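Read-outs throughout are calculated quantities, based only on the coordinates presented, and are distinct from any laboratory measurement. Note that this is a predicted model, so its numbers are computed, not measured. All Cβ positions, even for glycine, are placed from backbone atoms using ideal geometry, and neighbour counts span all protein chains on display.
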């Protein structure tokens, strides 16, 4: 009787190496480095699982994040992917939006590309503090809504938000440009030292601005028609 | 050589290469020269027009082989089955929101996965085919992606940013397909919008490698796919949404069409009904049979006076005093009856389901009551019994729906899924005709027991000795009261359902004494 498996005797699974294999391998390595870096930041900065946005805590977290991200290479796409990894609990045990925002901002500030495009429309959580200290020559375009403290301490870069941003947008920014296509929250430009904030929709409330310009629907609302801080319009 | 002859020549080789898939011999048709092949019920059909067009640019045998590789890879790797197809579509829709674009995105993703699988694991002329195929804007991007991830020159112009993002997706990792298609959809969303606009102007909307509709699946595969999708992946809302998106195609494929020939539009496919049907099919609720045998012959039942012309064989000689005389002679009235015998059978069942305001609306959220009742009705139908339904809210005020004994599943589910949402009261008089319409039917009552005339219900149920399975949803004092009042009745079994996993624990028609043997 003929063995029915004879036909398979000569068959060898031919698996050829294709570039996709190495692309995925290097992507996995990079993502693992980024995630490890974030965990290290949490370990150092968020021992009690509580993190308050204060001047010194932000600076401290950023300094540590700078040290971490300088240790590996990554690309703009890795940053977007990391945002989605943060959103799901598969690989990252918890998302603390403050340090996460600082870490993502640091990644943006040190990535090789000058223009970073982040499609974040499908994120379940809004990222705070994105755009922190964005330097001259860098442009971050975000598709989706952002949380509080967007673009704080901006240092000459350009941050475009194709969506809404929440409170304290542009707080303490030194120079550069923030463009929000929809609406913006309270305390806009609090202690802003310079630069411009363009809002396509409504500005819910202004902060105490030192210097700089704020536009609402293409009309200059600071400094020309100064509005009282945190007054609802 | 014509494509038919090429197929004859290379089909054994291609089959061997793909480890002998169970696919019928491919066919050739005179189709559009813009679409390469069609997949219908596992049948691959190559369009001769397309073949001839590409065969001018590359070896004719290689064209056929590449097309067969592509078609077979869909069967052997991605999507593999209808359940995966639905899952991928649902994930794409989550990102893209638009039904048609999500279908296109899922189709493109399945193409990339199937083709990449084939290029990596088999010797295939697919790259050469992609080199010569006419490409639209999105096809050009996909070809650039292939160029990047396969490491071959396909002459496609690269959109660096888009291709770099697409190339990072682990297409061959099945476990990550849900996430992968989300990433894929996020990148190509804008391209699909642009393509749609372009197509609207040019009137061209065909995928060169064929569309991924439901034609590729048999009705059984569609049924299985829906069952798995309802059970494993999604809740009612998402199931409904996905089902609605495929409704027209399902109808065209003949899914859910009951009966045979005839005229008329046919009943519309109801996503809620299908959801509960598919979910219920995943549970098997056991029924205890009762010792009952239908002998099928006539038995003496009562006497009546003999009249001239009536047969003599029915005369009861003992009560007729040995005389044949009208007025004195008695004959037997005979009726066919079920008598208790050795064979066990399942009686019919009346399902009493509560759809008052305190119950979950089955059309909005997963209703454990409807699922439980659906499982019970399926169990009786599987045992060749019939089911009647009494769906009540405030029945005396008109909040009710009654279905007589039937074995039509769709009708039963239609009544089970009705939701009144008012008060809760049973009109017990309406149960009598149902109880009389069948031979001692079982009663299955599913409610949260917050019934305003609970006392009357308890009193009524105490008077009947039919097997009663009482299922109460959640725990409350009313349920406790019902349970305490009925506990001594040996024909009543109680079950509590708080989650869908509790449903298989129900044993229908379980009479305690039937097991304890103290009859």
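Among the conditions (1) in contact (Cβ under 8 Å) with a residue 40 or more places away in the chain; (2) assigned to a helix (DSSP H, G or I); (3) away from chain A (no Cβ under 14 Å), the only one that residue B:140 does not satisfy is (1).
Give the number of residues within segment B:148-177 that are within 12 Å of chain A (Cβ to nearest Cβ), in contact with a helix residue (DSSP H, G or I) (Cβ under 8 Å, 6 or more places away or on another chain) and within 19 Å of residue A:25 (Cα to Cα).
Result for segment B:148-177: 15.
Would you be able to say whether some residue in segment B:11-18 is within 20 Å of residue B:213 (Cβ to Cβ) and either in contact (Cβ under 8 Å) with a residue 60 or more places away in the chain or within 14 Å of another protein chain (Cβ to nearest Cβ) (or both)? No: zero hits.
You will find that of B:67, B:88, the residue that is in contact with a strand residue (DSSP E or B) (Cβ under 6 Å, 6 or more places away or on another chain) and touching a residue at least 40 places away in the same chain (Cβ under 8 Å) is B:67 and no other.
Of the numbered criteria (1) within 17 Å of residue B:27 (Cα to Cα); (2) out of contact with any helix residue (DSSP H, G or I) (no Cβ under 6 Å at 6 or more places or on another chain), the one residue B:113 fails is (1).
Counting only strands (runs of 3 or more DSSP E) wholly contained in segment B:363-480, the ones carrying 2 or more residues that are buried (at least 20 other Cβ atoms within 10 Å of the Cβ), in contact with a helix residue (DSSP H, G or I) (Cβ under 7 Å, 6 or more places away or on another chain) and touching a residue at least 60 places away in the same chain (Cβ under 8 Å) occupy B:442-447, B:468-473. Within segment A:119-163, the set of residues being surrounded by 23 or more Cβ atoms within 10 Å (Cβ to Cβ) and either within 12 Å of another protein chain (Cβ to nearest Cβ) or in a strand (DSSP E or B) (or both) comprises A:120, A:140, A:142, A:157, A:159, A:161.
Yes or no: residue B:152 surrounded by fewer than 21 Cβ atoms within 10 Å (Cβ to Cβ), more than 38 Å from the chain's Cα centre (by Cα) and at negative phi? So residue B:152 passes the test.
Looking at segment B:116-124, is at least one residue part of a helix (DSSP H, G or I), more than 14 Å from chain A (Cβ to nearest Cβ) and over 23 Å from residue B:242 (Cα atoms)? Spell out how you get there, then give the answer.
As a first pass, look at segment B:116-124 and keep what is part of a helix (DSSP H, G or I): B:116-121.
From the residues that got through so far, the ones that are more than 14 Å from chain A (Cβ to nearest Cβ) too are none.
Looking for residues that are part of a helix (DSSP H, G or I), more than 14 Å from chain A (Cβ to nearest Cβ) and over 23 Å from residue B:242 (Cα atoms), one finds none in segment B:116-124, hence no.
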